[in-house]
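Data block below; observations after.
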Amino acid sequence: MSKLEELQKKRGDSIKAYQDAYKRIDIDGMNDTDLSLAFDTYNTLVQAAYAARTELEDYMSLGNKDYVVVTAISSYRMRYVMHRDDLQKLNPNDPVNAIEWANDTVTMEECEEFSQEHMGEYIVDTVEMDGEDMLALFDKDNDYLREWSNDQKVAMVRKSI
């Protein structure tokens, strides 16, 4: 029996127990001592049923959040090096404004990088998700793998660490 099934059975049994105890309370036919004992038993069983419900709800809410998603930004320092004469060749009709033209050349992605250095990752947020939400996120972020089966998607996530 799985943990979920065990908790569901415990919850069901506790409900049945307090319902049976309630049926046994005979207000007119019991003396005060027996009546007090019957109500105490009933209250104890109601509390046990409530505790079983809380335990089941806690397990289900935790059990549904099987995945942790960390969103991070990775930063790189990039350098580009250009010779002034090569910048002038890009626009031979005007005198070179080297800094402005170099910035424009990089912005337009018309120059190859000289070097780069990884500056680190910065965590933006972290959330817990259930399997259904994780699969929806998988399809959104990995549209090209949308045709994969759910088992393949889960296997890819599970082998990431």
*What FRET efficiency, computed as 1/(1 + (r/R0)^6) with R0 = 30 Å and r the Cβ-Cβ distance, is obtained for Asp139 and Thr105, rounded to the nearest 0.05?*
0.20
*Quick one: plug the Kirkwood hydrodynamic radius of the stretch 3-63 (C-alpha pairs) into Stokes-Einstein at 25 °C, 0.890 mPa s, and report D in µm²/s.*
196 µm²/s
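What is the sum of charges, Lys and Arg at +1 and Asp and Glu at -1, for the other residues whose Cβ falls under 15 Å from the Cβ of His83?
Details: positive: Arg79, Arg84, Lys89; negative: Asp85, Asp86, Glu110, Glu112.
Once positives and negatives cancel, what remains is -1.
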*Expressed as an acute angle from 0 to 90° and rounded to the nearest 10, what is the orientation of the C-alpha long axis of helix 98-107 relative to the principal long axis of the chain?*
40 degrees
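Taking R0 as 25 Å, what's the FRET efficiency between Thr71 and Lys159 from their Cβ-Cβ distance, rounded to 0.05?
Details: r = 20 Å, r/R0 = 0.81.
Efficiency at R0 = 25 Å is approximately 0.80.
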*What's the local net charge at Val127, with K and R +1, D and E -1, over the other residues with C-beta under 10 Å away?*
-2
*Put a dot 7 Å past each Cα toward the Cβ at Phe114 and Ile27; how far apart are the dots in nm?*
9.1 nm
*Compute the distance in nm between two label points, each set 7 Å from the Cα along the Cα-to-Cβ direction, one at Glu6 and one at Arg84.*
7.9 nm
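Return the ratio Rg/(2.2 N^0.38 Å) for the chain, where Rg is computed over Cα atoms only.
2.21
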*Could you give the nm distance between label points at Asp13 and Asp130, where each point is 7 Å from its Cα heading toward the beta carbon?*
2.7 nm
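Just so you know, all these numbers are worked out from the coordinates, no wet-lab data involved. Values in this document were obtained by computation on a predicted structure and should not be read as measured data. In this analysis, Cβ positions are derived from the backbone assuming ideal geometry, glycine residues included, and neighbour counts consider all displayed protein chains.
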